[in-house]
Amino acid sequence: MKWTILGSACLSMAILASCGQPASTDAAAGPDIGGLVSTEGDFATNLQTALIEAEPGSTVQLPEGHFHLETGLSLDVHGVTLMGAGEDKTILDFAGQTGAGEGLLVTSDGVTLTGFAIRDTKGDGIKSKGADRITYRDLTVEWSGDPDETNGAYGVYPVESQDVLIDNVTVRGASDAGIYVGQSNNIIVRNSLAEFNVAGIEIENSMHADVYGNTARYNTGGILVFDLPDLPQTGGHSTRIFDNEIVDNNTRNFAPAGNIVAGVPSGTGVIIMANRNVHVFSNTFSNNRSAHVLLTAYPEPFSDEAYNPIPRDVVLSGNSYSGGGDDAQGMLQPIAAAIGGQLPAIVADGVATWETGSVPTTNISVQEDGSVGFLDLGIGKYPLDPASIAPSKQRPTAMPVEQPAAVVLPQDEG
Amino acid sequence: MIARFVLAALLLVSACSGRTDEAATPSLETILSGTPAPALSDYGLFADQARAQPAKGVVAYDLVNPLFSDHAIKHRFVFVPGDQEAKYSATDVFDFPVGTVLVKTFSFAPDMRAPETGQYKVETRLLIHKEDGWAAFPYVWNAAGTEAVYAPAGKHVDLDMIDPAGTPLSIRYAVPNKNQCKTCHQSGDAVLPIGPKARNLNHEGPVGINQLADWQRRGMIDGVPAHPPIVPAVWDTRLPVESRARAYLDINCAHCHKADGSASNSGLWLGWTESDPVKIGLGKHPTAAGRGSGGRIMVVEPGQPDQSILVFRMASDEAGIAMPELGRSVIDEDGLALVREWIGSLDVQE
């Protein structure tokens, strides 16, 4: 505080003691902040400068056009809206990217991204980290061409954030997850399209997520709710997946090995792994060739003592299932072969114990029409021992847990 | 209070007498201004800017282990204002007073085997402790090396050189933008310096005497103990390979790979003081590596550098794979060899 007073005194004195030359504190002439980013000169420099010099709460507008960028963009000013002319009109193309791990990185709160497309980034598409109350709306993030191992990992990638809204976003071609929300709390993913990704939509190590009104098609796996060990935030819980179209997720798994989704069997609709209090209802499942719903424990060894690798307190109700299960892939293939080739709509691995612990009940509640098939593989524990598998078609007895309340976000005006 | 006020006023008046004056001192007005100065010379940090002769009160220093930045030669200076002093810490960056400026100039030479011949400046980064916290400001030099201008959006500069191993090298050097500065300097919600920690400064710097003792003698810092910690010198081959590799990871990776850094969500924390094997990468699966995994399963696979993601990403110069993500466009072959040697020395896990 003392220094603050001194500092102000110095400043006033400095004005008195001016050398006869004007203090040169004017910012270099830059783009029009709050208006349209100029395409005069180097667009990338104009845009990045606008993002740096934006006033909190202002809007940076992107012009219509197809722009090639050499390095990733970043935004670190609170409350800024970055608005394009439309996701089919403003294209930010990173095919020639040489630097940064993503196309756009947001690290400030209260940001809205809307009306533009990000294409062919070398790493992730748009990442927001520690960016609370972020809104992704009316965006396209895609990798052109066929699904490919060299595509970036995540399309939209909010992480370590509170209050995340993803609305009407299209993501294609991600070699990990199209829409990925990690280590966050209070999340809505809705009315979006995820296709030709390894995972369409993934909620990981997160709490309180509503995923609804989306279409997840032509991915390897449609919608994933995962929890992984050895991360700053573990213990994911309270996710609702409803009113989604989860169809034809039969694309080959093109994730680079080592990533957890590299183990996702092609042809799965929803996978719930190592998570608690997950509700899957009123969705339409169709033609997912391995299984529509897969409940599985985390299959790898881990040392995180606080980690629970089992999916538990899961409720499946009122979904419609058609086709699929007739061409199981990945880890499910030998199991399907062993029981005659066809897997039912819902498959659980049946694991309830791990090296240093167990859960008394996985509490999996299957409240579906009697015609909907269920299979407990009875794997027992990982690592998988084929000799110990004891499949059962008996639905588990369960006490269905109450649904968490709908997620409400401060930036969501309805 | 009054005495300090008069002193500050006098300093400001004397700053007006000329930029190449031996008695020139930095301008606190410019340093603490809410707006970055358009030119580096506006700060008055140098008595002779072209020759990098520091102004009075500006002290040259270096680090035991520098961060690799495309072979750049780095010249560092620190300015601690007036009668203020930094508070010593045994483990963290010193608590520098408001008005402190850390100056880092990145230079190259046509033949990096003879770095003093034809050396030229490309960029200077200022890290300034403003009233409301630290902030970073990139400046890009003119061709004559006489002035550098504020470049918030960064810049790409094409450079040709003979690298230190004698190989011709053409690079597209990336001056980071202001936000990218923060990416590496992030600590929670704040921006903090990285280098000036006791263990990194505790050796004879460019001044030729122990830097911590020198800073104490100059009144720039208070509380330096008799035996401050020191980090192993990465290239001192008399030291154990594990400590050298950990020291390398500390200065090259841990500014992001720490609990409150930009890579916190990876859970891979590579700081010198980290002791949990999983956090250092042993037996750790990747989190969000994507194609950065290179098809490998573990971040560090003991005894098997070729099966370790850490090695794969250090050995790449491609965006989306290469680590660090910022600040290098070429591979640090020496650092890579060291980390390979360390991983190779670890006992293979059954």
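The values are calculated or read from the model by the stated rules, or taken from the named source; none is laboratory data. Computed from a predicted model, the values in this text were never measured in an experiment. Every residue, glycine among them, receives a Cβ derived from its backbone with ideal geometry; neighbour counts consider all protein chains shown. These area figures cover heavy atoms from the full protein model, side chains too; ligands, DNA and RNA do not enter into them. Shrake-Rupley method; radii C 1.70, N 1.55, O 1.52, S 1.80 Å.
Looking at the range B:123-144, can you tell me whether even one residue there is farther than 30 Å from B:A259 by Cβ and small (G, A, S)?
Yes, because at least one residue in the range B:123-144 is farther than 30 Å from B:A259 by Cβ and small (G, A, S).
All but one of (1) open to solvent by less than 10 Å² (accessible area, probe 1.4 Å); (2) at pLDDT 95 or above hold for A:V261; state the number of the condition that does not hold.
(2)
When you scan the range A:267-351 for strands (runs of 3 or more DSSP E) that lie fully inside it, which ones turn up with 2 or more residues that are open to solvent by 10 Å² or more (accessible area, probe 1.4 Å), under 26 Å from A:P229 (Cβ atoms) and at pLDDT 95 or above?
Of the strands (runs of 3 or more DSSP E) lying wholly inside the range A:267-351, those with at least 2 residues that are open to solvent by 10 Å² or more (accessible area, probe 1.4 Å), under 26 Å from A:P229 (Cβ atoms) and at pLDDT 95 or above span A:276-281, A:312-317.
Out of all the residues in the range A:260-316, which are touching a residue at least 60 places away in the same chain (Cβ under 8 Å), among the charged types (D, E, K, R) and within 14 Å of chain B (Cβ to nearest Cβ)?
Result: A:E300, A:D304.
Among the residues of the range B:194-212, is there at least one that is in a loop (DSSP other than H, G, I, E, B), closer than 29 Å to A:S184 by Cβ, touching a strand residue (DSSP E or B) at 6+ places or on another chain (Cβ under 6 Å) and touching a residue at least 40 places away in the same chain (Cβ under 8 Å)?
The answer is no; no qualifying residue exists.
Of everything in the range A:210-229 that's in a strand (DSSP E or B) and over 17 Å from A:G155 (Cβ atoms), which residue is most open to solvent (accessible area, probe 1.4 Å)?
A:Y212
Within the range B:326-350, which residues are open to solvent by 30 Å² or more (accessible area, probe 1.4 Å) and without any contact (Cβ under 8 Å) to a residue 40 or more places away in the chain?
Result: B:I331, B:A337, B:R340, B:E350.
Spot the failing condition for A:R133; the list is (1) among the charged types (D, E, K, R); (2) touching a residue at least 40 places away in the same chain (Cβ under 8 Å); (3) within 14 Å of another protein chain (Cβ to nearest Cβ), and only one is missed.
So A:R133 meets the others, but not (3).
If we only count strands (runs of 3 or more DSSP E) wholly inside the range A:54-101, which ones have 2 or more residues that are among the polar types (S, T, N, Q)?
The qualifying strands (runs of 3 or more DSSP E) are A:59-61, A:71-75.
Looking at the structure I just gave you, is B:S266 within 14 Å of another protein chain (Cβ to nearest Cβ), within 23 Å of the chain's Cα centre (by Cα) and over 23 Å from B:A174 (Cα atoms)?
Yes: the conditions hold for B:S266.
Does B:V59 satisfy the criteria of being part of a strand (DSSP E or B), of a type in the set (V, I, T) and within 23 Å of B:P152 (Cβ to Cβ)?
So B:V59 fails the test.
Filter the range B:174-193 for residues that are at pLDDT 90 or above, within 14 Å of chain A (Cβ to nearest Cβ) and in a loop (DSSP other than H, G, I, E, B); which is surrounded by the fewest Cβ atoms within 10 Å (Cβ to Cβ)?
B:P176
Taking into account only those residues within the range B:232-251 that are of a type outside the set (A, V, I, L, M, F, W, C) and in a loop (DSSP other than H, G, I, E, B), which is least open to solvent (accessible area, probe 1.4 Å)?
B:P232
Filter the range A:188-207 down to residues that are surrounded by fewer than 24 Cβ atoms within 10 Å (Cβ to Cβ) and either under 26 Å from A:P309 (Cβ atoms) or among the charged types (D, E, K, R) (or both), then give me how many there are.
3
Given the criteria open to solvent by less than 20 Å² (accessible area, probe 1.4 Å) and among the aliphatic types (A, V, I, L, M), does B:I171 qualify?
Spelling it out, B:I171 is indeed open to solvent by less than 20 Å² (accessible area, probe 1.4 Å) and among the aliphatic types (A, V, I, L, M).
Give all pairs with beta carbons closer than 6 Å in which a residue from the range B:167-182 that is of a type in the set (G, A, S) meets a residue that is open to solvent by 20 Å² or more (accessible area, probe 1.4 Å); count only pairs at least 6 apart in sequence or on separate chains.
Sorted first by the residue in the range B:167-182, then by its partner, the pairs are B:S170/B:D160; B:A174/B:H156.
Which of the residues belonging to the range B:297-308 are surrounded by fewer than 24 Cβ atoms within 10 Å (Cβ to Cβ) and either facing another protein chain (nearest Cβ under 7 Å) or touching an Asp or Glu at 6+ places or on another chain (Cβ under 7 Å) (or both)?
Across the range B:297-308, the qualifying residues are B:I297, B:P302, B:G303, B:Q307.
Taking the conditions exactly as written (in a loop (DSSP other than H, G, I, E, B) and open to solvent by 20 Å² or more (accessible area, probe 1.4 Å)), does B:P229 satisfy them or not?
For B:P229, the condition - in a loop (DSSP other than H, G, I, E, B) and open to solvent by 20 Å² or more (accessible area, probe 1.4 Å) - is met.
Suppose the filter is open to solvent by less than 20 Å² (accessible area, probe 1.4 Å) and either assigned to a loop (DSSP other than H, G, I, E, B) or at pLDDT below 95 (or both); does B:G219 pass it?
no
For (1) assigned to a helix (DSSP H, G or I); (2) at the interface with another protein chain (Cβ under 8 Å from one of its Cβ atoms); (3) over 25 Å from the mean Cα position of the chain (by Cα), each residue gets a yes or a no:
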site: B:P286; (1), (2), (3): no, yes, yes
site: B:L310; (1), (2), (3): yes, no, no
site: B:M323; (1), (2), (3): no, no, no
site: B:G327; (1), (2), (3): no, no, no
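Report yes if B:I280 is more than 9 Å from chain A (Cβ to nearest Cβ) and either of a type in the set (F, W, Y) or within 26 Å of A:S184 (Cα to Cα) (or both), otherwise no.
yes
How do the pairs read when you match residues in the range B:72-86 that are within 20 Å of B:R125 (Cα to Cα) with residues anywhere that are in a loop (DSSP other than H, G, I, E, B) and of a type in the set (D, E), using Cβ under 8 Å and keeping only pairs 6 or more apart or on different chains?
B:K74/B:D62; B:R76/B:D62
Restricting attention to the range A:129-145, does a residue exist that is open to solvent by less than 10 Å² (accessible area, probe 1.4 Å) and under 18 Å from B:T183 (Cβ atoms)?
yes
Regarding the range A:142-157, can at least one residue be identified that is in a strand (DSSP E or B), under 27 Å from A:P299 (Cβ atoms) and either of a type outside the set (A, V, I, L, M) or within 12 Å of another protein chain (Cβ to nearest Cβ) (or both)?
Checking the range A:142-157: at least one residue is in a strand (DSSP E or B), under 27 Å from A:P299 (Cβ atoms) and either of a type outside the set (A, V, I, L, M) or within 12 Å of another protein chain (Cβ to nearest Cβ) (or both).
Could you run through the range A:36-57 and say how many residues are surrounded by fewer than 16 Cβ atoms within 10 Å (Cβ to Cβ) and either closer than 14 Å to A:D109 by Cα or in contact (Cβ under 8 Å) with a residue 60 or more places away in the chain (or both)?
Qualifying residue count, the range A:36-57: 3.
Which count do you get for residues in the range A:100-128 that are out of contact with any Pro (no Cβ under 6 Å at 6 or more places or on another chain), over 12 Å from A:S175 (Cβ atoms), crowded, with 24+ Cβ neighbours inside 10 Å and within 13 Å of chain B (Cβ to nearest Cβ)?
Residues flagged as out of contact with any Pro (no Cβ under 6 Å at 6 or more places or on another chain), over 12 Å from A:S175 (Cβ atoms), crowded, with 24+ Cβ neighbours inside 10 Å and within 13 Å of chain B (Cβ to nearest Cβ) within the range A:100-128 amount to 8.
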